[in-house]
């Protein structure tokens, strides 16, 4: 495979990974540790990810259990969860913080689906931008006479096939997340 195509494929995969990461932050009806992974807490004056100061596990289908590694972190973690804007209310029992996830309303599910669709569109745009960059690089190589016209055409077709593959992957992830959000 040509270097331009390899670079394009790597960048498209990064777009997919970014989309997966953004979608994982959106809350479905089930508890999942990734819901809180992006939260940051004050740890001895440093802004530290929650996962580096505690253990986040799933208690049951609708409860996350956070076990801080230091007892003094309990109120700090509680405050971070309450001010996160996720609409979660942690409950502390000793050194363990339980975070019950309330059931999603129909209206909230539709809002979340809109957010997922916006993220999917951003992912598709990102992939199309990579395609544009790759095609421009191929045209530049053609101008410099480093590749022949028929090779440029073949490589452009390959870039389009790769683009279609990654856009289809975004669509698959989008429909899976929509189904997950609409499941009661």
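FYI, it's all coordinate maths here, none of it is from the lab. These figures come from a predicted structure and were not determined experimentally. Quick reminder, even Gly has a Cβ in these numbers, built from the backbone with ideal geometry, and neighbours come from all protein chains shown.
Miscellaneous remarks
- Hull volume per residue, based on the alpha-carbon atoms of the range 1-102 and their convex hull, is 127 Å³.
- Degrees separating the helix 3-24 axis from the principal Cα axis of the chain, which is the longest one: 20 degrees
- Per residue Cα convex hull volume in Å³ - calculated over the chain: 136 Å³
- Helix 149-182 and the long axis of the chain differ in direction by around 20°, with both axes built from C-alpha atoms.
- Rounded to the nearest 500, the 222 nm mean residue ellipticity of the chain from helices alone is -20000 deg cm²/dmol, with -39,500 (n - 2.57) taken per DSSP H run of at least 4 residues.
- Distance between modelled label sites at residue 62 and residue 44, nm, 7 Å Cα→Cβ extension: 4.0 nm
- Spherically averaged projected area of the convex hull of Cα atoms, the range 123-184: 4.0 nm².
- Between the range 90-145 and the range 1-70, the C-alpha centres lie 13 angstrom from each other.
- In degrees, nearest ten, helix 106-143 long axis to first principal axis of the chain (Cα): 30 degrees
- Rg over Rh, two decimals, the range 54-125 (C-alpha only, Kirkwood Rh): 1.10
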